[in-house]
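Notes follow once the structure below has been shown.
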């Protein structure tokens with residue numbers, strides 16, 4: 001029996017960020033699906049035909065539903081789905097809300113590939129839980 005590749009959903013209104021993240025995720029041997037909006041992602045997530053992602057990389061600031069709102073809806077639908085935020089704007093209030101809602105990490109764009117890889121491995125349970133993520137441009141892993 002072949003082991004299923006973890007599926008990583010990438011939700012960002014910037015198509016170039018989606019493409020870059022998708023390439024990185026696939027280079028790790030993981031499956032990737034990209035979504036240009038929070039609404040589009042949630043529509044797919046709520047569809048019974050769609051495979052549930054194992055982790056979500058989610059932009060904080062997007063038109064329509066912002067990343068925090070999408071995270072809250074994910075929590076209502078699938079409480080255990082890990083969320084990793086990426087952001088170009090370090091907004092302390094948004095960061096603290098994301099972490100309080102259970103985000104694995106909030107990473108600043110442009111994201112360091114090695115940090116994204118370590119963060120994904122942690123989110124998927126492929127790294128020892130006590131191993132720190134504090135190398136690179138991490139915004140926060142705990143609320144202020």
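The values are calculated or read from the model by the stated rules, or taken from the named source; none is laboratory data. Computed from a prediction, not measured in an experiment: that's the story for all the values here. Every residue, glycine among them, receives a Cβ derived from its backbone with ideal geometry; neighbour counts consider all protein chains shown.
Pairing residues of segment 69-89 that are at pLDDT below 90 with residues that are buried (at least 21 other Cβ atoms within 10 Å of the Cβ) and not in a helix (DSSP H, G or I), at Cβ distances under 8 Å and at least 6 apart in sequence or on separate chains, gives 89/60.
Among the residues of segment 74-95, those that are in a helix (DSSP H, G or I) and surrounded by fewer than 16 Cβ atoms within 10 Å (Cβ to Cβ) comprise 75, 76, 77, 92, 93. When segment 96-126 is filtered for residues that are closer than 19 Å to residue 17 by Cβ, touching a strand residue (DSSP E or B) at 6+ places or on another chain (Cβ under 8 Å) and surrounded by fewer than 19 Cβ atoms within 10 Å (Cβ to Cβ), the ones remaining, listed by number, are 109, 115.
Just one of the listed residues (37, 16, 47) is touching a residue at least 12 places away in the same chain (Cβ under 8 Å) and over 19 Å from residue 120 (Cα atoms), namely 37.
Of the residues 58, 65, 115, the single one that is closer than 24 Å to residue 31 by Cα and touching a helix residue (DSSP H, G or I) at 6+ places or on another chain (Cβ under 7 Å) is 58.
Take the residues of segment 91-139 that are on the phi > 0 side of the Ramachandran plot and within 15 Å of the chain's Cα centre (by Cα): which is modelled with the lowest pLDDT? Among those that are on the phi > 0 side of the Ramachandran plot and within 15 Å of the chain's Cα centre (by Cα), it is 125.
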